[in-house]
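In what follows, a single structure is set out as structure tokens and then discussed.
The values are calculated or read from the model by the stated rules, or taken from the named source; none is laboratory data. This is a predicted model, so every value here is computed, not measured. Here the Cβ is made from the backbone with ideal geometry for all residues, glycine too, and neighbour counts use every protein chain on show. Only protein heavy atoms, including side chains, enter the accessible area calculation; ligands, DNA and RNA are left aside. Shrake-Rupley method; radii C 1.70, N 1.55, O 1.52, S 1.80 Å.
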Amino acid sequence: MDMVISKKLLNIHDLPPEVLGVIFTAYLNTNTPNPDDSYELHEVPRYRVSSQLYCPSSPILLGQVCSTWRAFTQSLPTLWRKISVSCPRPQDISLFAQWLERSGESPIDLTLVDCFGTNVVSTTAIREIFRLALSQSYRWSTVAFDLATDMGDLVASQTLPPAMALGSFDLKLAHWSESSVRSLLHLLYSSPSLHRVIYSMPSSNTALPAILQTPDNLLSTITHLEVKHIAAEELFPLLNRYSSLIHLSFKTTTLHKNPYLSPQPLTLPSLQSLRLDHSYDIIPLLNTLCLPSLKHLELPNGFSSASSPQCKSDEGWNALFNLIERSSLLEAPVKLESLVLTVFGMEEERIVRGLSSPLLAPLRSLNIKSKVGDQLMKALTRVESGLLPRLEELELNSCWSSDGLLTELVSSRQTYLKRVKATMLGSQSFPRDMALRMPGVCVDF
């Protein structure tokens, strides 16, 4: 029996609603911001209300294609669950209210930016939008507030439903009073399932002590903590209260020879990922921590500091190695898997010696953000020397090596190496390295 093959093209209107919903959701989630659309001083963002900040992604745009799509988008609340607002104007209030209505009872991911300091900020608009958002606090899933307009009175003046669904928040509140910050945090801390907290407060913010008073019932649920500015006298009392942190990131100030550093090792038993940004000497802090579960370490300023830019190379490496040894248990030694490091002013020979330590042999990912040259490239090429034998990912942000050394490095490590990203700098051309074509290798010149 002959088979009859239909040549009819499938029309998008023939897709089942479930499939169309998946396609629309993927579009809204993958539309990445265009940096040209982010606001500058005295400019209005092109997309003030959208699914993602500074993105054109919006179910409204999908609904403008045809009446069928418009009816479908308006009937699917999950397409409206992500709401980002930046520099709102009064005419955006009704759009935000409509967006909330169409999201039904779905949990919402909310981002609010008021663009304070520009001539486009509308206090009336941001206050009304914030008031509407507060009325839906029981549906908040994640929130990110970058607000300089103090609106603590809106929080304190009404009885708000607890943020029972909230799992994550990111706060950057400039010019808010301490009492206003406390009022908002009281609402955010009402969630029993809060696990991710980011405080992006400016270092001059006098309300910083308010963010350090996390309720006792949340100390075991919060596993991800980022604090952009914190002094040592606030850092250690804060960390001593947390027992379940898995990821920790903070920028410290006034750490150099600080009397607030704990004389005893501070143990964070579950911490796997640590990022230490700092304005002062980081070495005393490394000498104080004990992290038996540590796998990922980021030192974007290396071992140096703003007050002492020349790196204390030997002291810094020794502090890192002591941290690993101190944190290692007899039955479960610490195996650091990834390291992000900036090595300002450090001789390449010392970098090679540091990376050659057996304590770093388990490393699978290495990212060096400062200048490297021939000596380090050649050392990484000699796999038989034992230097990082399990390395799978390598990123070099400022590579000044001779032509061909990168190619030799990649070729020598084909057994394990899966991804390489390098930015080649210098006055010479790189014909050999430019010809490098291997899966997972990305080279910029």
Task: Matching residues in the stretch 272-290 - criterion: being in contact with a strand residue (DSSP E or B) (Cβ under 8 Å, 6 or more places away or on another chain), over 23 Å from Glu395 (Cβ atoms) and in a loop (DSSP other than H, G, I, E, B) - done: Ser279, Tyr280, Thr288
TODO: Starting from residues that are among the aromatic types (Phe, Trp, Tyr) and touching a residue at least 40 places away in the same chain (Cβ under 8 Å), keep the ones in the stretch 67-102 and report whichever is surrounded by the most Cβ atoms within 10 Å (Cβ to Cβ).
DONE: Trp99
Open item on the list: Looking only at the stretch 12-34, filter to residues that are closer than 14 Å to Trp69 by Cβ and loosely packed, with under 11 Cβ neighbours inside 10 Å; which one of those is modelled with the highest pLDDT?
Closed with: Pro17
- [ ] Return a yes/no flag: does the stretch 35-46 have any residue that is at pLDDT 80 or above and part of a helix (DSSP H, G or I).
- [x] no
Open item on the list: Whether any residue in the stretch 382-391 is touching an Asp or Glu at 6+ places or on another chain (Cβ under 8 Å), surrounded by 15 or more Cβ atoms within 10 Å (Cβ to Cβ) and not acidic (Asp, Glu) is what I want to check.
Closed with: no
Open item on the list: Among (1) surrounded by fewer than 18 Cβ atoms within 10 Å (Cβ to Cβ); (2) within 19 Å of Leu245 (Cβ to Cβ); (3) at pLDDT 90 or above; (4) out of contact with any strand residue (DSSP E or B) (no Cβ under 9 Å at 6 or more places or on another chain), there is one condition Asp153 misses while meeting the rest; what is its number?
Closed with: (2)
- [ ] For residues that are under 19 Å from Pro192 (Cβ atoms) and open to solvent by less than 10 Å² (accessible area, probe 1.4 Å), scanning just the stretch 212-241, find the one that is modelled with the lowest pLDDT.
- [x] Thr214
Open item on the list: Residues to consider are Gly345, Gly404, Gly440; find the one that is over 27 Å from Glu315 (Cα atoms) and at pLDDT below 90.
Closed with: Gly440
TODO: State whether the residues of the stretch 373-388 include one that is touching a residue at least 60 places away in the same chain (Cβ under 8 Å) and of a type outside the set (Gly, Ala, Ser).
DONE: no
Open item on the list: Checking Ile5 against (1) modelled with pLDDT under 75; (2) open to solvent by less than 80 Å² (accessible area, probe 1.4 Å); (3) among the β-branched types (Val, Ile, Thr), only one condition comes out false. Which one?
Closed with: (2)
Task: Every residue from the stretch 245-289 that is closer than 19 Å to Pro300 by Cβ, open to solvent by 40 Å² or more (accessible area, probe 1.4 Å), modelled with pLDDT under 65 and hydroxyl-bearing (Ser, Thr, Tyr) - done: Thr254
Task: Some residue of the stretch 103-122 being of a type in the set (Val, Ile, Thr) and open to solvent by 50 Å² or more (accessible area, probe 1.4 Å) - done: no
Task: Residues being closer than 18 Å to Arg364 by Cβ, in a loop (DSSP other than H, G, I, E, B) and open to solvent by 40 Å² or more (accessible area, probe 1.4 Å) - total across the stretch 396-437 - done: 4
- [ ] Find the helices (runs of 4 or more DSSP H) located wholly in the stretch 104-204 whose residues include 2 or more that are out of contact with any Leu (no Cβ under 9 Å at 6 or more places or on another chain) and more than 27 Å from Thr221 (Cβ to Cβ), and list them.
- [x] 123-135
